[in-house]
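The values are calculated or read from the model by the stated rules, or taken from the named source; none is laboratory data. Not measured: the values here are computed from a predicted model. Because the Cβ atoms are built from the backbone with ideal geometry, glycine has one as well, and the counts that use them run over all protein chains shown.
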Amino acid sequence: MSRAVVVGAGVAGLSTALRLADSGVEVIVLERRRAAGGRVRQIEAGGGRAPLDCGQHLMLGCYRETLAFVSRLGTSERVSQVEGPTPFVTGDARVHPYGLWKLPAPFHTVRAVAGLNHLGLRDRLKLGLAAVSAKTGRGARRDALDVISARRWLRNCRQGGRAISGFWEPLVLATLNTPIDEASALLFATVIEKGFLAGREEATPLLPRSTLHDLFVDPAISALRLRGAHVAFGQDVVSLQDDGRGGVAAVTTASGERVPADAFVIAVPSWDIGALCQEGRWASLAGAARALGSSAIITVNLWFDRPWLSYPMAGFVGGAMHWVFSRRERGPDGGDPGGYRVALVMSAADAWVREGNTAIVARCLEECRRYFPESRTANLRSSLVLKFPRATFRARAGQGSRRAACTSPCQNVRLAGDWTATGLPATIEGAVLSGNRAAAEVLTFLGAQDGRR
Ligand SMILES: Cc1cc2nc3c(=O)[nH]c(=O)nc-3n(C[C@H](O)[C@H](O)[C@H](O)COP(=O)(O)OP(=O)(O)OC[C@H]3O[C@@H](n4cnc5c(N)ncnc54)[C@H](O)[C@@H]3O)c2cc1C
C-alpha cells in the first residue's frame, strides 16, 4: 500500500486526505495546531454559548466542489440556503433589496438590479455592461485583465461612481478581500461570471446551519479515521528531506520526528510555505508566494437581549463594516444563554486590526443603530472581536503570476491551498478544488485508482 503525508489540516488538506484515503492510500495528516480546520476552525465563545466559527463565512451555490465534499461526508442537510432578498442598506437606513428571480440566467438578475433603487435608473441599466464584459472579456482582453484593478476595469465597462461605491465595491471586498483599487479585475470578472451570472442556484448564498466545523471539519476527521488514516495534531512540519533523486523522502517535525512516505502534499497557507521550503529549487516558488501578501478580516460578534435584524444577512453601503449576518444558534444545552447574535464583517481590514476592541465594538454598534433603526431599542449584552490579520492572500492585480501550480520542484510533492493557481479567489471552494486536484495528481504519480471515479 502506498503512503502519502498531507501537511496541514485546513479545508485543502482535509479534502486532499479524504480523496486519497477513499482511493486506498495510507494517509498521514500532520497539523501544527491542536485542532483541524485552519481558517475555518471552531472556537469556544464561553459563557455557555454555542461554539463559533473563527470568522463569519458565506458560501455560494456555485461552490460545486465544496458541495460535493459535503455530500461525500453525508452532511448536506447542514447547509441552508439564504432565503429571500439580501438587502443593501444605505446610511439613511433605506433598504434596497437584492433578490433573484426563478428565471433562466441571466434574467434571474433582473429583480436584483431593479431593487437597487439607491442607484439611478441609468446606473442600474448599465450594471449589465459589466456583467456582459465579465462573460465576454470586453473592457480588456481576458488575459490582460489580471494586470488591471477591478475599479479600472469597471470604469472601462462604463460604470459610474455611484454604481461602483453603491454596488460593486461591497462585492469586490466581500469576494476578494482586497481594496477595489488593488483587486485583480480578472478574479472579480471570474466571480461575476461563475457566481452571479451563471444562474439563480449558483448565485444563491449558503450558510452552515451551525458551524463549518460541524458541516465538514469534524465529519472529515471522522471519515478519515474510519478509513484508517492517521491525523496528528501539534505536529509542526519544519523541513522536507531530500531523497537524493529529485524527490522528498520524509518530512521532519519540530519535535524531531521523521515521517517518510511515497508522496507528499503541502497544504499550508502562502505565508507558511517559505519556512518549510526556502532553499534551492524551492526559492522562486517561496518568493512568489511571499509576494502574494495577505489581507485582514475582522468579524465582530455582538449578542443582544432580543432579535432585531429581519434578514439573514445585509450589506452596508458606505459603512466601516461591510456585511451583517443574523445568527440564531442554540447553546450546547439547547437554550440560548448569550442572547441573540449578529456577526458583522469588515473585509480588507488592515487599517483596523491594530485598533482596540472597544473602539471597534463602539463603531459597530454606532453603525447598527444608524443603518438599522430597529436595533436602537435592543441592548448589547456582550461582544467578541475576532481579528485575522492574515485572513487571505491579497488578490491584487498580477496575482496570477505569483500563484503556484499544483506541481512542485520535487517530483513526489504536490501543493494545495486556496492560494495555489485555482483561478478563484481565496475561498473554501478554491481550497477544496486545490485539494481534489492535488489528490488526483498524487494518485497518478502513485499509479493508484481514483476511488471517486
Ligand atoms: C475571517 C475569514 C473569513 C472568511 N470568509 C470566507 C467566506 O465568506 N467564504 C469563503 O469561501 N472563504 C472565506 N474565507 C477564506 C477561507 O477560510 C480559506 O480560503 C480556506 O479556509 C483556506 O483553506 P486552506 O486549507 O487553503 O488553508 P488553511 O485553512 O490556512 O489551512 C492550512 C493549515 O496548515 C497548517 N499548517 C501551516 N503550516 C504548517 C506546518 N509547517 N506544519 C503543519 N501544519 C501547518 C495550519 O495550521 C492550517 O491548519 C475566510 C477566511 C477568514 C480567515
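Of the residues making up the stretch 140-190, just one is surrounded by 23 or more Cβ atoms within 10 Å (Cβ to Cβ), small (Gly, Ala, Ser) and farther than 24 Å from Trp419 by Cβ, namely Ala163. A single entry from Ala291, Ala263, Ala249 fulfils the requirement of being touching a helix residue (DSSP H, G or I) at 6+ places or on another chain (Cβ under 9 Å) and surrounded by fewer than 20 Cβ atoms within 10 Å (Cβ to Cβ): Ala291.
Restricting attention to the stretch 42-59, the residues being polar (S, T, N, Q) and within 7 Å of the ligand (Cβ to nearest atom) number 1. Scan the stretch 42-77 for residues that are more than 19 Å from Arg341 (Cα to Cα) and outside any loop (DSSP other than H, G, I, E, B) and the total you get is 14. For the structure I just gave you, tell me whether Val345 is within 15 Å of the ligand (Cβ to nearest atom) and outside any strand (DSSP E or B). So Val345 does not fit the description; no. Of the residues examined, Val217 is one that is within 26 Å of the chain's Cα centre (by Cα) and in contact (Cβ under 8 Å) with a residue 60 or more places away in the chain. For the stretch 378-411, a residue qualifies if it is without any contact (Cβ under 8 Å) to a residue 40 or more places away in the chain and not in a loop (DSSP other than H, G, I, E, B), and exactly one does: Thr407. For the stretch 384-421, filtered to residues that are of a type in the set (S, T, N, Q) and more than 10 Å from the ligand (Cβ to nearest atom), the residue that is surrounded by the most Cβ atoms within 10 Å (Cβ to Cβ) is Gln399.
For the residues Ser23, Ser15, the requirement of being within 17 Å of the chain's Cα centre (by Cα) and among the hydroxyl-bearing types (Ser, Thr, Tyr) singles out Ser15.
Against the test of being assigned to a helix (DSSP H, G or I), at pLDDT 95 or above, aliphatic (A, V, I, L, M) and away from the ligand (no atom under 12 Å from the Cβ), the options Ala283, Ala288, Ala249, Ala223 yield a single qualifying residue, Ala223. Selection of the stretch 151-199 for residues being small (Gly, Ala, Ser) and within 17 Å of Gly128 (Cβ to Cβ) yields Gly160, Ala163, Gly166, Ala189, Gly195, Ala198, Gly199. For the stretch 67-85, the set of residues classified as closer than 22 Å to Arg327 by Cα and either surrounded by 20 or more Cβ atoms within 10 Å (Cβ to Cβ) or modelled with pLDDT of 95 or more (or both) consists of Leu67, Val70, Thr75, Ser76, Glu77, Arg78, Val79, listed by residue number.
Being within 16 Å of the ligand (Cβ to nearest atom), in contact (Cβ under 8 Å) with a residue 24 or more places away in the chain, in a helix (DSSP H, G or I) and surrounded by 15 or more Cβ atoms within 10 Å (Cβ to Cβ) is a condition met by no residue of the stretch 370-377. Across the stretch 226-246, the qualifying residues are those that are within 12 Å of the ligand (Cβ to nearest atom) and among the polar types (S, T, N, Q), and the one among them that is surrounded by the fewest Cβ atoms within 10 Å (Cβ to Cβ) is Ser239.
Restricting Gly8, Gly37, Gly13, Gly47 to residues that are in contact (Cβ under 8 Å) with a residue 24 or more places away in the chain, buried (at least 19 other Cβ atoms within 10 Å of the Cβ) and either among the aliphatic types (A, V, I, L, M) or farther than 20 Å from Ser239 by Cα (or both) narrows the list to Gly37. Of all the numbered requirements in (1) modelled with pLDDT under 95; (2) within 15 Å of the ligand (Cβ to nearest atom), Ala189 misses one, and that requirement is (2). Among the residues of the stretch 22-41, those that are aliphatic (A, V, I, L, M), in a strand (DSSP E or B) and more than 7 Å from the ligand (Cβ to nearest atom) comprise Val27, Ile28, Val29.
Against the numbered list (1) buried (at least 19 other Cβ atoms within 10 Å of the Cβ); (2) in a strand (DSSP E or B), Ile273 comes up short only at (2). For the stretch 1-17, the candidate set comprises residues that are in a strand (DSSP E or B) and among the β-branched types (Val, Ile, Thr); within that set, the residue that is nearest to the ligand (Cβ to nearest atom) is Val7. Is at least one residue of the stretch 338-350 modelled with pLDDT under 95 and out of contact with any Phe, Trp or Tyr (no Cβ under 8 Å at 6 or more places or on another chain)? No: zero hits.
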